[in-house]
Amino acid sequence: MPAAARVIVLLPTYDEIANLEWIAGRIRSALPDADLLILDDDSPDGTGELADRIAARDEHVRVVHRTVKAGLGAAYVDGFRRAIADGYDVIVEIDADGSHPPESLPAMIAEVEGGAALAIGSRWVPGGSIVGWPKRRELLSRAGNLYTRIALGIRVQDATAGFRAYASRVIAAMDLDSIDSKGYCFQVDMTYRLARAGERIVEVPIEFREREHGVSKMSGAIVVEAMRRVTRWGLQRLVGAEPR
Ligand SMILES: Nc1nc2c(ncn2[C@@H]2O[C@H](COP(=O)(O)OP(=O)(O)OP(=O)(O)O)[C@@H](O)[C@H]2O)c(=O)[nH]1
Ligand SMILES: [Mg+2]
(Lines give C-alpha, C1' and ligand atoms only; values in the text may rest on other atoms or scores of the structure.)
(Ligands and ions follow the chains in the order given, each with its own letter.)
Protein backbone atom coordinates (compact mmCIF):
# COMPACT_ATOMS: atom_id res chain seq x y z
CA MET A 1 0.00 0.00 0.00
CA PRO A 2 1.50 3.39 -0.98
CA ALA A 3 2.09 6.02 1.75
CA ALA A 4 -0.81 8.11 0.47
CA ALA A 5 -3.40 5.46 -0.34
CA ARG A 6 -5.96 6.43 -2.97
CA VAL A 7 -9.41 5.93 -1.50
CA ILE A 8 -12.77 5.65 -3.25
CA VAL A 9 -16.08 5.67 -1.40
CA LEU A 10 -18.92 3.77 -3.09
CA LEU A 11 -22.35 5.12 -2.19
CA PRO A 12 -25.31 3.12 -3.54
CA THR A 13 -28.59 5.01 -3.57
CA TYR A 14 -32.22 4.20 -4.16
CA ASP A 15 -34.73 6.91 -3.23
CA GLU A 16 -32.43 8.74 -0.85
CA ILE A 17 -33.22 12.30 -1.89
CA ALA A 18 -33.70 13.46 1.71
CA ASN A 19 -30.37 11.98 2.80
CA LEU A 20 -27.94 12.32 -0.09
CA GLU A 21 -26.77 15.91 0.30
CA TRP A 22 -26.10 15.46 4.01
CA ILE A 23 -24.30 12.12 3.77
CA ALA A 24 -22.22 13.18 0.76
CA GLY A 25 -21.11 16.32 2.62
CA ARG A 26 -20.15 14.34 5.70
CA ILE A 27 -18.16 11.85 3.62
CA ARG A 28 -16.32 14.65 1.83
CA SER A 29 -15.48 16.35 5.15
CA ALA A 30 -14.32 13.13 6.80
CA LEU A 31 -12.11 12.17 3.82
CA PRO A 32 -11.21 15.35 1.90
CA ASP A 33 -8.76 13.57 -0.43
CA ALA A 34 -10.98 10.61 -1.28
CA ASP A 35 -13.24 10.32 -4.32
CA LEU A 36 -16.94 9.59 -3.98
CA LEU A 37 -18.81 7.46 -6.50
CA ILE A 38 -22.60 7.53 -6.21
CA LEU A 39 -24.27 4.45 -7.71
CA ASP A 40 -27.92 5.26 -8.33
CA ASP A 41 -30.40 2.71 -9.67
CA ASP A 42 -32.62 5.21 -11.48
CA SER A 43 -34.38 6.31 -8.28
CA PRO A 44 -37.90 7.58 -9.03
CA ASP A 45 -37.58 10.35 -6.40
CA GLY A 46 -34.88 12.30 -8.28
CA THR A 47 -31.86 11.14 -6.24
CA GLY A 48 -29.91 10.65 -9.48
CA GLU A 49 -30.44 14.24 -10.60
CA LEU A 50 -29.44 15.54 -7.17
CA ALA A 51 -26.31 13.38 -7.40
CA ASP A 52 -25.49 15.01 -10.74
CA ARG A 53 -25.81 18.47 -9.19
CA ILE A 54 -23.47 17.52 -6.35
CA ALA A 55 -20.97 16.08 -8.85
CA ALA A 56 -21.13 19.23 -10.99
CA ARG A 57 -19.80 21.37 -8.16
CA ASP A 58 -17.23 18.94 -6.72
CA GLU A 59 -14.54 17.27 -8.82
CA HIS A 60 -14.14 14.52 -6.22
CA VAL A 61 -17.70 13.30 -6.84
CA ARG A 62 -18.89 11.15 -9.76
CA VAL A 63 -22.19 9.43 -10.50
CA VAL A 64 -23.06 6.14 -12.16
CA HIS A 65 -26.63 5.98 -13.41
CA ARG A 66 -27.70 2.37 -13.50
CA THR A 67 -30.83 1.60 -15.46
CA VAL A 68 -32.77 -0.76 -13.18
CA LYS A 69 -33.04 -1.41 -9.46
CA ALA A 70 -30.90 -4.52 -9.24
CA GLY A 71 -30.11 -4.63 -5.51
CA LEU A 72 -27.25 -3.46 -3.36
CA GLY A 73 -24.92 -6.31 -4.28
CA ALA A 74 -25.08 -5.59 -8.02
CA ALA A 75 -24.50 -1.89 -7.48
CA TYR A 76 -21.42 -2.63 -5.37
CA VAL A 77 -20.00 -5.13 -7.86
CA ASP A 78 -20.36 -2.45 -10.55
CA GLY A 79 -18.53 0.01 -8.26
CA PHE A 80 -15.81 -2.52 -7.43
CA ARG A 81 -15.05 -3.04 -11.12
CA ARG A 82 -14.74 0.70 -11.72
CA ALA A 83 -12.62 1.20 -8.60
CA ILE A 84 -10.18 -1.53 -9.65
CA ALA A 85 -9.99 -0.22 -13.23
CA ASP A 86 -9.23 3.26 -11.86
CA GLY A 87 -6.40 2.02 -9.64
CA TYR A 88 -7.69 2.87 -6.15
CA ASP A 89 -5.94 1.29 -3.15
CA VAL A 90 -8.86 1.30 -0.70
CA ILE A 91 -12.55 0.77 -1.50
CA VAL A 92 -15.19 1.93 0.98
CA GLU A 93 -18.83 0.82 1.25
CA ILE A 94 -21.32 2.99 3.12
CA ASP A 95 -25.12 3.36 3.21
CA ALA A 96 -26.67 6.64 2.08
CA ASP A 97 -29.32 6.73 4.83
CA GLY A 98 -27.10 8.18 7.55
CA SER A 99 -26.90 4.94 9.54
CA HIS A 100 -23.13 4.73 9.13
CA PRO A 101 -21.00 7.59 10.52
CA PRO A 102 -18.45 8.73 7.89
CA GLU A 103 -16.45 10.17 10.80
CA SER A 104 -15.38 6.58 11.62
CA LEU A 105 -13.86 6.06 8.17
CA PRO A 106 -10.34 7.38 8.92
CA ALA A 107 -9.94 4.75 11.67
CA MET A 108 -11.26 2.00 9.39
CA ILE A 109 -9.01 3.03 6.50
CA ALA A 110 -6.00 3.16 8.84
CA GLU A 111 -6.58 -0.54 9.60
CA VAL A 112 -6.50 -1.34 5.89
CA GLU A 113 -3.39 0.77 5.39
CA GLY A 114 -1.90 -1.22 8.28
CA GLY A 115 -2.43 -4.48 6.42
CA ALA A 116 -5.99 -5.63 7.07
CA ALA A 117 -7.86 -6.94 4.02
CA LEU A 118 -11.14 -5.65 5.40
CA ALA A 119 -12.14 -3.27 8.19
CA ILE A 120 -15.80 -3.57 9.19
CA GLY A 121 -17.59 -0.70 10.92
CA SER A 122 -19.12 -2.95 13.56
CA ARG A 123 -22.16 -2.64 15.79
CA TRP A 124 -21.50 -5.78 17.76
CA VAL A 125 -17.94 -5.46 19.09
CA PRO A 126 -17.24 -3.75 22.45
CA GLY A 127 -17.63 0.00 21.95
CA GLY A 128 -20.11 -0.40 19.11
CA SER A 129 -23.68 0.78 19.58
CA ILE A 130 -27.10 1.28 18.01
CA VAL A 131 -29.29 4.36 18.28
CA GLY A 132 -32.99 4.19 17.49
CA TRP A 133 -33.60 0.52 16.84
CA PRO A 134 -36.53 -1.32 18.39
CA LYS A 135 -35.53 -4.38 20.41
CA ARG A 136 -36.99 -6.64 17.69
CA ARG A 137 -34.67 -5.26 15.05
CA GLU A 138 -31.64 -5.60 17.32
CA LEU A 139 -32.53 -9.20 18.10
CA LEU A 140 -32.89 -10.00 14.38
CA SER A 141 -29.43 -8.62 13.64
CA ARG A 142 -27.80 -10.28 16.64
CA ALA A 143 -29.45 -13.63 15.92
CA GLY A 144 -28.57 -13.44 12.23
CA ASN A 145 -24.95 -12.72 13.04
CA LEU A 146 -24.77 -15.49 15.66
CA TYR A 147 -26.21 -17.98 13.18
CA THR A 148 -23.77 -16.81 10.51
CA ARG A 149 -20.79 -17.22 12.86
CA ILE A 150 -21.79 -20.75 13.81
CA ALA A 151 -22.84 -21.93 10.34
CA LEU A 152 -19.77 -20.57 8.57
CA GLY A 153 -17.22 -20.98 11.37
CA ILE A 154 -16.11 -17.37 11.20
CA ARG A 155 -15.27 -15.08 14.11
CA VAL A 156 -16.68 -11.83 12.73
CA GLN A 157 -19.31 -10.33 15.08
CA ASP A 158 -21.02 -8.15 12.45
CA ALA A 159 -20.80 -10.02 9.15
CA THR A 160 -23.97 -8.40 7.80
CA ALA A 161 -22.64 -4.85 8.26
CA GLY A 162 -22.63 -2.71 5.14
CA PHE A 163 -20.03 -0.23 6.42
CA ARG A 164 -16.64 -1.40 5.22
CA ALA A 165 -13.18 -0.54 3.93
CA TYR A 166 -11.44 -3.09 1.69
CA ALA A 167 -7.89 -3.32 0.45
CA SER A 168 -8.52 -3.20 -3.28
CA ARG A 169 -6.03 -6.03 -3.86
CA VAL A 170 -8.48 -8.51 -2.29
CA ILE A 171 -11.33 -7.26 -4.46
CA ALA A 172 -9.12 -7.46 -7.56
CA ALA A 173 -8.30 -11.09 -6.69
CA MET A 174 -11.97 -12.05 -6.42
CA ASP A 175 -14.12 -13.60 -9.12
CA LEU A 176 -16.71 -10.81 -9.11
CA ASP A 177 -18.80 -12.58 -11.78
CA SER A 178 -19.60 -15.32 -9.27
CA ILE A 179 -21.22 -12.94 -6.76
CA ASP A 180 -24.98 -12.90 -7.10
CA SER A 181 -26.04 -12.30 -3.48
CA LYS A 182 -28.28 -9.27 -3.29
CA GLY A 183 -29.19 -7.95 0.16
CA TYR A 184 -27.41 -8.52 3.51
CA CYS A 185 -26.24 -11.76 2.11
CA PHE A 186 -23.89 -9.87 -0.17
CA GLN A 187 -21.99 -8.63 2.88
CA VAL A 188 -21.87 -12.11 4.40
CA ASP A 189 -20.74 -13.55 1.05
CA MET A 190 -17.84 -11.07 0.80
CA THR A 191 -16.84 -11.70 4.43
CA TYR A 192 -16.92 -15.49 4.02
CA ARG A 193 -14.81 -15.33 0.83
CA LEU A 194 -12.10 -13.34 2.60
CA ALA A 195 -12.23 -15.49 5.75
CA ARG A 196 -11.78 -18.64 3.64
CA ALA A 197 -8.88 -17.05 1.83
CA GLY A 198 -7.23 -16.53 5.25
CA GLU A 199 -7.31 -12.75 4.91
CA ARG A 200 -7.22 -10.51 7.99
CA ILE A 201 -10.59 -9.00 8.89
CA VAL A 202 -10.81 -6.42 11.69
CA GLU A 203 -13.83 -4.79 13.29
CA VAL A 204 -13.84 -1.13 14.31
CA PRO A 205 -16.64 -0.18 16.73
CA ILE A 206 -19.13 2.35 15.38
CA GLU A 207 -22.32 4.04 16.43
CA PHE A 208 -25.09 2.92 14.07
CA ARG A 209 -28.18 5.14 13.82
CA GLU A 210 -31.56 4.24 12.45
CA ARG A 211 -32.39 6.31 9.37
CA GLU A 212 -34.47 9.47 10.01
CA HIS A 213 -35.59 10.14 6.43
CA GLY A 214 -36.77 7.94 3.59
CA VAL A 215 -37.79 4.32 3.80
CA SER A 216 -35.81 1.15 4.36
CA LYS A 217 -35.36 -1.20 1.39
CA MET A 218 -34.95 -4.09 3.75
CA SER A 219 -37.55 -6.79 3.14
CA GLY A 220 -38.55 -10.24 4.24
CA ALA A 221 -37.15 -11.52 0.94
CA ILE A 222 -33.73 -10.15 1.82
CA VAL A 223 -33.76 -11.89 5.21
CA VAL A 224 -34.92 -15.15 3.61
CA GLU A 225 -32.20 -14.95 0.94
CA ALA A 226 -29.55 -14.55 3.65
CA MET A 227 -30.93 -17.39 5.79
CA ARG A 228 -31.13 -19.81 2.87
CA ARG A 229 -27.68 -19.06 1.54
CA VAL A 230 -25.93 -19.09 4.90
CA THR A 231 -27.60 -22.42 5.68
CA ARG A 232 -26.54 -23.84 2.31
CA TRP A 233 -22.93 -22.65 2.74
CA GLY A 234 -22.91 -24.05 6.27
CA LEU A 235 -24.05 -27.48 5.05
CA GLN A 236 -21.51 -27.41 2.22
CA ARG A 237 -18.84 -26.59 4.79
CA LEU A 238 -19.87 -29.59 6.92
CA VAL A 239 -19.49 -32.01 4.00
CA GLY A 240 -16.30 -30.36 2.79
CA ALA A 241 -17.83 -29.08 -0.48
CA GLU A 242 -16.98 -25.78 -2.12
CA PRO A 243 -19.55 -23.09 -1.28
CA ARG A 244 -21.82 -22.20 -4.18
N1 LIG B 1 -28.15 1.37 -6.09
C2 LIG B 1 -28.97 0.73 -5.22
N3 LIG B 1 -28.93 1.07 -3.92
C4 LIG B 1 -29.75 0.40 -3.07
C5 LIG B 1 -30.64 -0.61 -3.49
N6 LIG B 1 -31.31 -1.07 -2.40
C7 LIG B 1 -30.87 -0.35 -1.34
N8 LIG B 1 -29.92 0.55 -1.74
C9 LIG B 1 -29.16 1.49 -0.91
O10 LIG B 1 -28.44 0.69 0.00
C11 LIG B 1 -28.34 1.34 1.26
C12 LIG B 1 -28.94 0.48 2.35
O13 LIG B 1 -30.34 0.35 2.14
P14 LIG B 1 -31.40 0.48 3.31
O15 LIG B 1 -32.74 0.63 2.70
O16 LIG B 1 -30.98 1.52 4.27
O17 LIG B 1 -31.39 -0.93 3.92
P18 LIG B 1 -30.71 -1.44 5.21
O19 LIG B 1 -29.71 -0.46 5.71
O20 LIG B 1 -30.27 -2.80 4.90
O21 LIG B 1 -31.97 -1.51 6.15
P22 LIG B 1 -32.38 -0.50 7.31
O23 LIG B 1 -31.48 -0.84 8.45
O24 LIG B 1 -33.80 -0.81 7.57
O25 LIG B 1 -32.17 0.89 6.83
C26 LIG B 1 -29.01 2.67 1.09
O27 LIG B 1 -28.05 3.63 0.75
C28 LIG B 1 -29.98 2.41 -0.07
O29 LIG B 1 -30.32 3.58 -0.77
C30 LIG B 1 -30.65 -0.96 -4.87
O31 LIG B 1 -31.38 -1.81 -5.34
N32 LIG B 1 -29.79 -0.27 -5.69
MG1 LIG C 1 -30.31 1.50 6.25
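The values are calculated or read from the model by the stated rules, or taken from the named source; none is laboratory data. Values in this document were obtained by computation on a predicted structure and should not be read as measured data. Heads up, the Cβs are rebuilt from the backbone with ideal geometry, glycines too, and the neighbour counts pull from every protein chain shown.
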message: Residue under question is residue 14, and the condition is that it be of a type in the set (Phe, Trp, Tyr) and closer than 23 Å to residue 160 by Cα; does it hold?
response: yes
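Would you point out the residue of the range 170-197, among those that are assigned to a loop (DSSP other than H, G, I, E, B) and within 16 Å of ligand 1 (Cβ to nearest atom), that is surrounded by the fewest Cβ atoms within 10 Å (Cβ to Cβ)? Write out each step before concluding.
Restricting attention to the range 170-197, the residues satisfying the condition of being assigned to a loop (DSSP other than H, G, I, E, B) are 173-175, 179-183, 197.
Still in the list and also within 16 Å of ligand 1 (Cβ to nearest atom): 179-183.
Values: 179: 17, 180: 13, 181: 20, 182: 19, 183: 21.
The qualifying residue surrounded by the fewest Cβ atoms within 10 Å (Cβ to Cβ) is 180.
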- request: Give the range 102-128 a look and list any residue that's among the charged types (D, E, K, R) and within 22 Å of residue 174 (Cβ to Cβ), or say none.
  value: 111, 113
message: Given the criterion away from ligand 2 (no atom under 16 Å from the Cβ), out of contact with any strand residue (DSSP E or B) (no Cβ under 8 Å at 6 or more places or on another chain) and on the phi > 0 side of the Ramachandran plot, identify the matching residue among 87, 25, 71.
response: 87
query: If a residue has to be surrounded by 15 or more Cβ atoms within 10 Å (Cβ to Cβ), over 19 Å from residue 194 (Cα atoms) and in contact with a strand residue (DSSP E or B) (Cβ under 7 Å, 6 or more places away or on another chain) to count, how many in the range 99-124 make the cut?
result: 6
statement: Inside the range 156-165, the number of residues satisfying the requirement of being surrounded by fewer than 23 Cβ atoms within 10 Å (Cβ to Cβ) and either within 11 Å of residue 118 (Cβ to Cβ) or away from ligand 1 (no atom under 16 Å from the Cβ) (or both) is 1
- prompt: Which of the residues that make up the range 198-244 are within 16 Å of ligand 2 (Cβ to nearest atom) and part of a strand (DSSP E or B)?
  reply: 207, 208, 209
- prompt: Using beta carbons and a limit of 6 Å, which pairs, at least six apart or on different chains, have the first residue in the range 35-59 and more than 10 Å from residue 11 (Cβ to Cβ) and the second one at pLDDT 95 or above and small (Gly, Ala, Ser)?
  reply: 54/24
